[in-house]
Amino acid sequence: MKQANFRDVCRTMVVVFFALFLPGKAMAQVDWLRALSSAWKVGQAITITDEQLAEMVKDEVAYLDKKHTVLSASNSYSKRLARVMSGINSVEGVTLNFKVYKTSEANAFACPDGSVRVFTGLMDALTDDELMGVLGHEIGHVALKHSKKAWRSAILRSAASDALGAVSDTWAGLSDSFLGSLSSAVLSASHSKYHETQADDYGYDFLKAHGKNPMAMVRLFEKLKSLSKRQDSRYQKFLQAFSSHPDFDQRIKHLKEKAERDGY
């Protein structure tokens with residue numbers, strides 16, 4: 001389905017309406033340029049094509065690449081990533097491109113345009129098979145079209161933020177600096193319970209398909225569960241995306257049962 005989630009659209013329209021027409025707000029005090037921007041974004045999210053979305057994603061990934069230190073292909077981290085993901089060049093017709101960000105923060109993400117980015121902080125915490133499982137999970141969100149829905153929802157959240165910014169100087173500052181940023185949504189994206197389970201299964205099958213023991217997915221979630229107890233800021237965004245729902249215990253149980261059925 002190419003249209004934005006209907007509930008997200010409704011929620012955004014309610015925010016836009018009440019922000020712009022809240023009783024007691026003088027019409028002259030409304031930032032109409034920002035208000036029009038909000039309305040335009042809602043329309044864009046509803047009607048945007050896959051091709052247009054891919055271009056928007058490409059621009060945001062380019063911004064993130066400039067914001068971070070991207071390691072060269074000759075760097076040991078990049079060589080390790082290339083070895084782990086050797087021969088994996090596309091998924092569901094989308095060409096994949098991999099880069100490593102040099103940072104102590106732990107994170108990884110894959111976008112609808114095929115961009116896959118891994119942080120050195122995460123690579124330091126995982127074995128090769130666990131790393132492949134994480135990337136299989138992230139690529140699964142792309143292959144299963146979850147990422148497109150997440151991006152459309154991010155556009156709608158940005159639209160709602162613009163609407164509130166049109167009537168509040170305080171919120172406008174927050175919107176401009178953080179809340180309206182699609183890039184922030186990429187780095188801490190979360191999906192529904194159903195989509196997360198699908199992506200877990202995709203990561204499991206991804207390991208099997210490439211000759212790896214899928215029990216690495218179980219070890220991955222056991223490790224993430226342990227990291228979640230440390231309250232280490234380096235893992236905050238990654239754990240925020242991975243631990244939303246279902247919880248780690250459910251995911252470990254599901255993957256263990258799957259592995260036992262498969263004879264592992």
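Read the figures in this text as sums done on the coordinates, not as results from a lab. Computed from a predicted structure; not experimentally measured. Don't worry about glycine lacking a Cβ; one is built from the backbone with ideal geometry, like all the others, and counts go over all protein chains shown.
Sort 88-98, 205-215 by packing, meaning the average of other beta carbons within 10 Å per residue, with the highest value first.
Going by the mean number of other Cβ atoms within 10 Å, highest first, we get 205-215, 88-98.
Any idea how far apart residue 49 and residue 205 come out in nm if each label point goes 7 Å out from Cα toward Cβ?
Result for the modelled spin labels: 3.0 nm.
Which of the pairs 66/229; 67/253; 67/212; 58/253; 66/212; 102/212 have their Cα atoms more than 30 Å apart in this structure?
Correct reply: 66/229; 67/253; 67/212; 58/253; 66/212.
Roughly speaking, what is the stretch gain from residue 63 to residue 89, that is 0.36 nm per residue apart minus the C-alpha to C-alpha distance, in nm to one decimal?
The residue 63-residue 89 span can extend by a further 7.1 nm.
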